[in-house]
Amino acid sequence: MTAGTRPLPSTSFEEAFWACGETLIAGVDEVGRGPLAGPVYAAAVILDPKRRPGWLSEVRDSKVLPAGERERLAQAIRAGAAAYGIGWSTVPEIDAWGITAANRMAMVRALQALEALPQRVLIDGPQTLPNYRAPQKAIVDGDALCCSIAAASIVAKVARDEVMCRLDTLFPRYGFAAHKGYATKSHLDALDQYGPCVQHRRSWLAVQRRGAGALVEVEVDSAEG
């Protein structure tokens, strides 16, 4: 692979198991590991081995897709996949367990939300899920290499972005709809000015440095407008 290029996701991982008679292969990915605020989300997607919908050739790692394309593809994936599930871990869970354990739990919850029990799980990243009983394969850069994982990354990203936009209506001072909880300058400036709200991860060092004072529960002006 040349510098600056990324591979296109394919169904080669899924096809290897389909050829062995395993038809329920779930790709799993999470989003929201790095932000200072908001939950971490995960999705699981099972592709239909008998169908090749048009959107399958369009799926990519969600991070490289424009927002409008992600939203369009997420809708198509939810409608056309054999099954999909969404899971998340809350901010209190992230602070209590740590982000790695919270990520894993979000993935397990996404798998548990599937209508079908997967025969095999393909996971983005270097590690499998110790709390989920199913054969698993960890794929580094899976969201760039594997179609079902890329599809899961899109579904998870769109679901989390929708949540952050809803949180923006409750806490409009922080600009969650714009930065989705990431550590942008405007977000850090708002933390400096107002302190954290209940959707900020208090275990994050950047929040602790700006976390003096009581937590903001809900901003009254936002509830009126």
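Can you name every residue in segment 145-164 that is under 18 Å from ILE77 (Cα atoms), of a type outside the set (Val, Ile, Thr) and in contact with a helix residue (DSSP H, G or I) (Cβ under 7 Å, 6 or more places away or on another chain)?
Passing the criteria: CYS146, CYS147, SER148, ALA150, ALA151, SER153, LYS157.
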Can you tell which of ALA44, ALA16 is outside any loop (DSSP other than H, G, I, E, B), out of contact with any Asp or Glu (no Cβ under 7 Å at 6 or more places or on another chain), surrounded by fewer than 18 Cβ atoms within 10 Å (Cβ to Cβ) and of a type in the set (A, V, I, L, M, F, W, C)? ALA16
Any chance ALA106 is assigned by TED's automatic domain parsing to the domain that holds ALA19, hydrophobic (A, V, I, L, M, F, W, C) and modelled with pLDDT of 95 or more: yes
Criterion first (more than 14 Å from the chain's Cα centre (by Cα), within 29 Å of ASN131 (Cβ to Cβ) and of a type outside the set (Phe, Trp, Tyr)) does ASP61 satisfy it? no
Out of all the residues in segment 125-136, is one or more modelled with pLDDT under 95, touching a strand residue (DSSP E or B) at 6+ places or on another chain (Cβ under 8 Å) and within 25 Å of GLU58 (Cα to Cα)? yes
Filtering helices (runs of 4 or more DSSP H) wholly in segment 183-225 for at least 2 residues that are modelled with pLDDT of 95 or more and surrounded by fewer than 16 Cβ atoms within 10 Å (Cβ to Cβ) gives 185-194
Does segment 150-171 include one or more residues that are on the phi < 0 side of the Ramachandran plot, surrounded by fewer than 16 Cβ atoms within 10 Å (Cβ to Cβ) and aliphatic (A, V, I, L, M)? no
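The values are calculated or read from the model by the stated rules, or taken from the named source; none is laboratory data. A quick note: this is a predicted structure, and the numbers were derived from the prediction, not measured. Note that we place each Cβ from the backbone using ideal geometry, even for glycine, and neighbour counts take in every protein chain shown.
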